[in-house]
Every structure is written in C-alpha cells, then in structure tokens.
Amino acid sequence: MAIRVLLADDQFAVRAAFRLIIDAQPDMTVVGEAPDGAAALELARHLRPDVVLADVRMPHLNGIELTRALAGPDVDRPIRVVVITTFDLDDYVHAALRHGASGFLLKRSGPTLMVEAIRAAVAGDTLISPQVTARLLAHLTSPGKGPGRPPRAPLTGREIDVVRLVASGHSNAEIADDLRLSVGTVKGHVANIHRKLGVRNRVEIAIWAYEAGHVSR
C-alpha cells in the first residue's frame, strides 16, 4: 500500500509543490493538507496518515508543538512526523528530535532527501539534513573522548564504509551511488548497523563513528 502523507504548511504554494513531488512517487500519496498546526492535528487524528510532513512556523500550533502532540513520549498511538523548515536553527532541531520527530529537513535540501526522509520515517529510521547533522556532531561529540562504546556485534568492512558515509551526511541514495550498491542493500546495512550499535537514528550512528575514530572533523 502507498505511504499516506499529510502536509502541514501555512503556505499554499509550498503545499502544492510538496504534493506534486510526493504524488509523483509510485509508493506515496498525499491524503490531506492543513494550513496551520491546529488543523493538522485534527486531520492527523482523523486520517491516521503514515507520516505528517510539518513546517516549523505555523499559526495556532507550531510544528514542534504538533510533533509533541502526535509523536511525543506520552502519546498512546504516535504518528510519525518529519519536520521541515526554512530556518536552520539549533533550537528547532533539538526540540523536534526531543519531542519525537522522525526526521528534520531544511527545505533547501531538495525533493530527493524529502522523499527519502518520508520512507525512512515509515521504516522507523530518522533522517536529518546533512547540514544539520554536521552541526549536531560539533555539539554532541568532543575530540579525544576516546573510542565509542563497543558494538553488540562486530561491524563488517562494508558496514564500516556505510557508517563513514552516514557520518558525512550522505543519504541512502548517495551511499548506494558511492558504493555501487542498490538502495535496498544500503537500507539493509543501515538496519544492521542500528541493531549492532544499539542506536536509534543516523545522528547516533555518526556520533559513534566520530567517537570510535572511523571519521574525523
């Protein structure tokens, strides 16, 4: 079945552009649109989409508050939310992830990454814009901290290759192109890495890679 997406953005032109991109995918469909956070919350609870694509700055209820209401730790039946914004501010990133966002994208990241973020959210992964990932690492890792915690099971050479590229902010499609693999194979490697490292998302993979000495700033 197609991935059902709800769009939440106060600009009609942005919603129209996102709808064109998403509806053009063979495995996705837009099931609703909302011009503000309050309307998005009501629609999401009624439609139960697979993913809500939410702008940060919206009237009545902003994207962070919407994320907390739909995906926060106290929600009984959480709905995955990918936050997307023009504003590259650390406070937004940290708040979105803290309140359960399944992705954080800058609008300038382009349609390919947006589509991949939606698919990643459905798969239980978290995709963050490469520009944001690099800055998060600067705050979350410290030089000379020493080797990261040992993995639950040894990573293969190919998995280490994938880890390095994830830490550099590459998307699954870019990793597949770089390593001459299929996107499906890359997704399998990423899933195995999550399991072996005991991490939840790509940022935590990148943190481990830096602390384990597999990449450097």
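The residue among L197, L181, A54 whose Cα reaches farthest toward the positive pole of the charge dipole of the chain, with charges on the beta-carbon of Lys, Arg, Asp and Glu, is L197. With the largest listed first and rounded to whole Å, the semi-axes of the equivalent ellipsoid of the stretch 5-83 from the Cα gyration tensor are 19, 15, 9. Which angle between 0 and 90 degrees, to the nearest 10, do you get for helix 183-197 versus the longest principal axis of the chain when only C-alpha atoms count? Rounded to the nearest ten degrees, it is 70. Label sites at D76 and K196, each approximated as a point 7 angstrom past Cα along Cα to Cβ, lie 4.1 nm apart. Net charge dipole, the chain: roughly 680 debye, given to the nearest 20, about the Cα centre with Cβ charges of +1 for Lys and Arg and -1 for Asp and Glu. Adding -39500 (n - 2.57) for every DSSP H run of four residues or longer, then dividing by how many residues the chain holds, sets the calculated 222 nm ellipticity at -15000 deg cm²/dmol. Quick one: compute the contact order of the stretch 58-129, relative version, from alpha carbon pairs under 8 angstrom and 6+ residues apart, as a percent. Averaging sequence separation for qualifying contacts and normalising by length gives 29 percent for the stretch 58-129. The string of couplings for the stretch 162-174 from the Karplus curve (6.51, -1.76, 1.60, θ = phi - 60°) is 5, 4, 4, 6, 4, 5, 8, x, 6, 7, 4, 5, 5 Hz, one whole number per residue in order, with x for Gly and Pro. Neighbours of E42, meaning other residues whose beta-carbon lies under 14 angstrom from its beta-carbon, give a summed charge of -1 when Lys and Arg score +1 and Asp and Glu score -1. Using a simple spin-label model with pseudo-atoms 7 Å out from Cα toward Cβ, E204 and M1 lie 2.8 nm apart. Across the chain, the mean sequence separation of Cα contacts (distance under 8 Å, 6 or more residues apart), normalised by length, yields a relative contact order of 15 percent. Of the chymotrypsin sites (Phe, Trp or Tyr not before Pro) found in the stretch 77-128, those that fall in a DSSP loop while having at most 13 other beta-carbon atoms within 10 Å are F87.
Size check on the chain: the Cα extents along the three principal axes, sorted descending, read 47, 34, 32 Å. Relative contact order for the stretch 1-94: 28 percent, from Cα pairs under 8 Å spaced at least 6 residues apart, divided by residue count.
Calculated accessible area for the chain comes out at 48 Å² per residue, all protein chains present (probe 1.4 Å; ligands, DNA, RNA ignored). Here the accessible area of the chain is 53 percent carbon and sulfur, with a 1.4 angstrom probe and all protein chains present.
Annotation: amide H of R80 within the under-5 Å range of V52, sequence separation 5 or more or interchain, hydrogens built in the peptide plane. Take the Kirkwood radius over Cα pairs of the stretch 38-95, plug it into Stokes-Einstein at 20 °C and 1.002 mPa s, and you get 185 µm²/s for translational diffusion.
The values are calculated or read from the model by the stated rules, or taken from the named source; none is laboratory data. What you see is a predicted model; the values in this text were computed from it and never measured. Glycine also receives a Cβ, built like all others from the backbone with ideal geometry; neighbour counts cover every protein chain displayed. Just so you know, the surface numbers come from the protein's heavy atoms only, side chains and all, with ligands and any DNA or RNA stripped out. Shrake-Rupley method; radii C 1.70, N 1.55, O 1.52, S 1.80 Å.
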